[in-house]
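Structure record follows, encoded as structure tokens.
The values are calculated or read from the model by the stated rules, or taken from the named source; none is laboratory data. Remember, it's a predicted structure, so these values are computed and weren't measured experimentally. Cβ: placed from backbone, ideal geometry, glycine included. Neighbour counts: every protein chain shown.
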Amino acid sequence: MTVDRGEDPIESWLASRASAGVTPGGTWWIEGPGVLSHGAAGHAALEPDPEPAAETTPYDLASLTKPLCTALLAVLLEQDGRLSLDMPVAEVVDELDGCPYASASLLDLGSHHARLPAWRPLYLAAASLEGCLRAIASTPPIATGEATVYSDLGYIVLGAALQRISGVSLDRAFRERIAAPLGLSGLGFVVGGSRLATAAPTERANAFERERAGADGAGFPWRTGFLRGEVHDVNAHALGGVAGHAGLFGTAREVAAVAKEILDPKILGLQTRARERLLLPSRPGADRTFGFVLARASEAARGVLPDHAPGHVGFTGTSLWLDPERGAIYVLLTNRVHPNVSPSPFQPERLAFHRLARALGAPRSGSS
């Protein structure tokens, strides 16, 4: 049950950000423990026709796919004895055999410690998963030694490894192992060229990534019109909408349901070691877990949430943070890239959200 606190400060804040043009609008879900606040404010779409945001509006979750799907599936498969996160990736992804990343472990990939670059326009060189893996294998490492660099490429490889180990597609594995047991029929990938008509739209024609690709992207068949119900990320789109780094769609309530299962397992059977993989640093002194980043290392949460609280953000305007000590979950879903990607950073907005959200769960003055 939602705690009645009169006017909801989250709703007021998000409505103000929509009015200021920071984001069209969005939805949120906050627990801490118990449901403290949830709702929607502003618009889901501004163009071509305005549409109000609703709690039932699915959003492109972007990189929340990494912890909610890929990392969670990996720890479940390890728990089932199907893999070890310490195994070298080349044991299951032979396209990487002999390349600089061959000895990187699945744990290295999931904690961004495999020396892979953050991003490359793989779709310019390949139109299949196998081709993308070969393109990744030929990409020079960004650094040597103990460098940690956030990498979409690492999660593309990790997702491929999970598909080959499990013998089923990533979208099917997510649906059968995570979404269906939790009763989340609306959380998942959009596959096979289909579209999710009710989803909040993102950018017009991938203009941001087209500029990022530069001259190399000349002649590429870029999408036109507004992207709605199909993944915004072009590498994920080239892979059929299903990839280890992006592709999930869902609502704030559904995202919170998966997060709650990580904090307090009741259905998926997450055991202590699997939860520790997700919630604790991947190695001593690290700022990342297997799947998440710690609050102390993110401008979205630093100084507001506990240093060791794990969370993640997505480029489209999404974020999820967990506070295991308090049993709190903070979900904010927006499509801040609609109708165009703003040059203004969105991290300060996420930080403001977390400041307000955490205050909802703070003991009231005079309470015991």
Report, by residue number, each residue of the range 178-224 that is at pLDDT below 95 and touching a Lys or Arg at 6+ places or on another chain (Cβ under 7 Å). Arg195, Ala205, Asn206
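How many residues, within the range 58-84, are outside any helix (DSSP H, G or I) and more than 18 Å from Ala179 (Cα to Cα)?
Final tally of qualifying residues: 4.
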Hey, can you tell me all the residues within the range 203-226 that are touching a residue at least 40 places away in the same chain (Cβ under 8 Å) and within 18 Å of Ser342 (Cα to Cα)? Glu203, Arg204, Ala207, Phe208, Glu209, Arg212, Ala213, Phe226
Given the criteria assigned to a loop (DSSP other than H, G, I, E, B) and surrounded by 16 or more Cβ atoms within 10 Å (Cβ to Cβ), does Ala274 qualify? no
How many residues are surrounded by fewer than 22 Cβ atoms within 10 Å (Cβ to Cβ) and within 20 Å of the chain's Cα centre (by Cα) when one looks only at the range 310-326? 2
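The rows are residues; the columns are (1) in a loop (DSSP other than H, G, I, E, B); (2) touching a Cys at 6+ places or on another chain (Cβ under 6 Å); (3) free of Cβ contacts under 8 Å to residues at least 24 places away in the same chain; (4) of a type in the set (A, V, I, L, M).
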position	(1), (2), (3), (4)
Trp13	no, no, no, no
Pro33	yes, no, no, no
Ser37	no, no, no, no
Asp86	yes, no, yes, no
Cys99	yes, no, no, no
When every residue in the range 172-194 that is surrounded by 14 or more Cβ atoms within 10 Å (Cβ to Cβ) and not aliphatic (A, V, I, L, M) is compared, the one nearest to Leu227 (Cα to Cα) is Phe189
Among the candidates Ala143, Ala127, Ala135, Ala197, residue that is over 30 Å from Gly269 (Cα atoms) and not in a loop (DSSP other than H, G, I, E, B): Ala135
Exactly one condition in (1) of a type in the set (D, E, K, R); (2) closer than 23 Å to Leu158 by Cα; (3) part of a helix (DSSP H, G or I) is false for Glu230; which is it? (3)
Residues that are within 18 Å of the chain's Cα centre (by Cα), surrounded by 14 or more Cβ atoms within 10 Å (Cβ to Cβ) and assigned to a loop (DSSP other than H, G, I, E, B): does the range 205-212 have at least one? no
Suppose we filter Ile165, Ile178, Ile156 for residues that are assigned to a helix (DSSP H, G or I), touching a residue at least 40 places away in the same chain (Cβ under 8 Å), of a type in the set (Val, Ile, Thr) and closer than 30 Å to Ala41 by Cα; which single one remains? Ile178
By residue number, the members of the range 289-308 that are part of a loop (DSSP other than H, G, I, E, B), over 16 Å from the mean Cα position of the chain (by Cα) and under 19 Å from Arg277 (Cα atoms) are Pro306, Asp307, His308
Subset of the range 268-293 (residues that are farther than 15 Å from Leu106 by Cα and in contact with a Gly (Cβ under 8 Å, 6 or more places away or on another chain)): Val293
